[in-house]
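First the structure, in the form of structure tokens, and then the observations on it.
The values are calculated or read from the model by the stated rules, or taken from the named source; none is laboratory data. As the structure is a prediction and not an experimental result, all values here were calculated from the model. Every residue, glycine among them, receives a Cβ derived from its backbone with ideal geometry; neighbour counts consider all protein chains shown.
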Amino acid sequence: MRTIVITGASRGLGLASSAHLYKQGWRIVAAMRSVDAGLERLRAATGASVDDPRLVGIKLDLGDSSSIAQAATDIVEHVGAPDVIVHNAGLAAAGSAEETPMEAWHQLFATNLFGPVELTKALLPAMRKKGSGRIVVISSQGGIRGMPGISTYSASKGALERWAESMSQEIAPFGLGVTILVTGTFKTEILTEQTPDYGDHNGPYAKVYEGIHTTGREFVDKNAAPPEKFALALSAAIDDDAPIRRRTVGPDAAGLYIMARLLPGNLVHKIIRKAMKLPAQNALKNA
Ligand SMILES: NC(=O)c1ccc[n+]([C@@H]2O[C@H](COP(=O)([O-])OP(=O)(O)OC[C@H]3O[C@@H](n4cnc5c(N)ncnc54)[C@H](OP(=O)(O)O)[C@@H]3O)[C@@H](O)[C@H]2O)c1
């Protein structure tokens, strides 16, 4: 029986992936802020019983170092070194780089980068000792290229990818590997009106936000795929055995990934500006 730790298993992509992999026979370590509520949802989605040893709930708040240390101890105590860790839990925030407050930067980086780094550091000794295992990070289109209106999110995902790449070279000699899943648009709560928006919609960036919001909403309405599709992609990715593998999930992520690799940065900037209906260069000068 193989064991997979999935952070943020309480909803969205983490819930769908945990349910799918449970049905495939994996032992799921669901690391969540609200364990009782999360386990209830997972049991409803899988049909698992309350005492099912293949569904283990672990308390984890990525914004709290002591919670991360305790979660790592609990994981090793319950299941030993996991075969796979999926760093899925994540936060998004909207707003220009200028208007997003520093507290939001700190919160996002704590959840999307420092928490995963800390949890991995705590689990690596056991995984190295075992001599096999995979660390999967869930990145985003915003990690391929800095996207307007979500600089905190883009920066955290870009940093997450660079961290994962660096680490892959260090841990490959110990039999461990890394997969980066560059994820497109899926229908979850990360992309709703509840996403914190720090932009002043009547302020200097109003026209920038207008383009991003109308085109963004249209895009999500038309293209967001069900989380179950993501679960299938994750399920294929966890069997990777190369020291590092980057996969795109969804046609939008694949399209942006190819475009950003093939075209000059200036041209990509222009294409994104047009696609998102952003004001042209100099258009807001002295406005
Ligand atoms: N959906 C997309 O279109 C999309 C696209 C690209 C990348 N992604 C990435 O996919 C991952 C999952 O996102 P999602 O779409 O499933 O979002 P979601 O529905 O909003 O779920 C986010 C998950 O992260 C957990 N979480 C948030 N802060 C946490 C913290 N401090 N400690 C522990 N867990 C925390 C949440 O737990 P609570 O229930 O406790 O809040 C929840 O389980 C994220 O890394 C996201 O960046 C998503």
Quick check: is even one residue across segment 210-231 closer than 30 Å to Gly133 by Cβ, more than 13 Å from the ligand (Cβ to nearest atom) and more than 18 Å from the chain's Cα centre (by Cα)?
-> no
Please enumerate the residues belonging to segment 162-206 that are part of a helix (DSSP H, G or I), within 12 Å of the ligand (Cβ to nearest atom) and not hydrophobic (A, V, I, L, M, F, W, C).
-> Glu189
Residues satisfying the stated conditions in segment 62-118, i.e. crowded, with 17+ Cβ neighbours inside 10 Å, farther than 28 Å from Ser132 by Cα and among the aliphatic types (A, V, I, L, M) | Leu91, Ala92, Ala93, Ala94, Ala104, Leu108
Within segment 240-287, which residues are assigned to a loop (DSSP other than H, G, I, E, B) and under 19 Å from the mean Cα position of the chain (by Cα)?
-> Asp240, Gly250
Please work out if Arg33 is more than 13 Å from the ligand (Cβ to nearest atom) and either surrounded by fewer than 18 Cβ atoms within 10 Å (Cβ to Cβ) or charged (D, E, K, R) (or both).
-> no
Find the strands (runs of 3 or more DSSP E) located wholly in segment 26-119 whose residues include 1 or more that are farther than 23 Å from Phe186 by Cα, modelled with pLDDT of 95 or more and in contact with a strand residue (DSSP E or B) (Cβ under 9 Å, 6 or more places away or on another chain), and list them.
-> 27-32, 55-59
Given the structure, is Thr152 farther than 30 Å from Ala45 by Cα, in a helix (DSSP H, G or I) and within 15 Å of the ligand (Cβ to nearest atom)?
-> yes
Name every residue in segment 1-25 that is within 12 Å of the ligand (Cβ to nearest atom) and of a type in the set (S, T, N, Q), in order of residue number.
-> Thr7, Ser10, Ser17, Ser18
